[in-house]
Amino acid sequence: MNTQDVVMEFFRHVGIGRRISKMLFGLIEEPKEKPQKIFLLDDLKEIGKSKLKDIALKTGHSPQNLCFLYNHLEKEGLIKREIDPADRRNTLYSITEKGDTILEENKRKAREVVKHLFSQLSDQDLKTIKESFEKINLILEKIV
């Protein structure tokens with residue numbers, strides 16, 4: 001198999017992953033948040049209190065897009081902005097307690113859905129999936 005074939009297969013599976021994510025989102029019970037909101041909160045929690053340009057660099061979003069998205073999250077009380085005490089020209093962004101609660105609740109619900117779906121598989125299928133994930137991770141670590 002040549003590199004082009006592998007690249008095409010990779011993107012085909014990424015597309016399937018997005019469809020699966022949307023399907024899983026549909027199975028989560030209310031109240032639930034949109035996946036984009038959860039991804040934004042999860043990124044910010046992982047990065048920690050930071051400047052917008054630093055968050056943008058780490059997430060691949062443009063600072064302008066993040067600013068627009070964060071305005072909505074701030075209005076909902078999910079993130080907060082504060083002046084950087086070290087340099088008052090900068091604004092620091094961080095997740096609030098409310099944002100963290102919503103993030104963790106939605107992640108818990110998603111895990112429950114996946115657990116329910118996986119509980120329908122045989123032990124052999126579960127073993128195959130686990131081994132496949134491990135193998136994929138080992139291969140990806142070689143190229144990243």
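The values are calculated or read from the model by the stated rules, or taken from the named source; none is laboratory data. Remember, it's a predicted structure, so these values are computed and weren't measured experimentally. Virtual Cβ from ideal backbone geometry, glycine too; neighbours counted across all protein chains shown.
Each row is one residue, and each column tells you yes or no for (1) without any contact (Cβ under 8 Å) to a residue 40 or more places away in the chain; (2) touching a strand residue (DSSP E or B) at 6+ places or on another chain (Cβ under 6 Å).
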| residue | (1), (2) |
| --- | --- |
| Pro85 | yes, no |
| Asn90 | yes, yes |
| Thr96 | yes, yes |
| Val114 | no, no |
| Gln124 | yes, no |
| Ile136 | yes, no |
For the range 29-80, enumerate the residues that are in contact (Cβ under 8 Å) with a residue 12 or more places away in the chain, of a type in the set (A, V, I, L, M) and either over 16 Å from Thr96 (Cα atoms) or touching a Phe, Trp or Tyr at 6+ places or on another chain (Cβ under 7 Å) (or both).
Leu44, Leu52, Ile55, Leu66, Ile79
Of all residues in the range 70-95, which are closer than 20 Å to Pro31 by Cβ and in contact with a helix residue (DSSP H, G or I) (Cβ under 9 Å, 6 or more places away or on another chain)?
His72, Leu73, Glu76, Gly77, Leu78, Ile79, Ile95
Quick check on the range 74-83. Is at least one of its residues closer than 22 Å to Ala110 by Cβ, of a type outside the set (A, V, I, L, M, F, W, C) and modelled with pLDDT under 95?
no
If a residue counts only when it is among the β-branched types (Val, Ile, Thr) and surrounded by 11 or more Cβ atoms within 10 Å (Cβ to Cβ), which helices (runs of 4 or more DSSP H) contained entirely in the range 53-144 have at least 1 such residues?
97-118, 123-143
Residues located in the range 26-52, provided they are outside any helix (DSSP H, G or I) and of a type outside the set (Val, Ile, Thr):
Glu29, Glu30, Pro31, Lys32, Glu33, Lys34, Gly48, Lys49, Ser50, Lys51
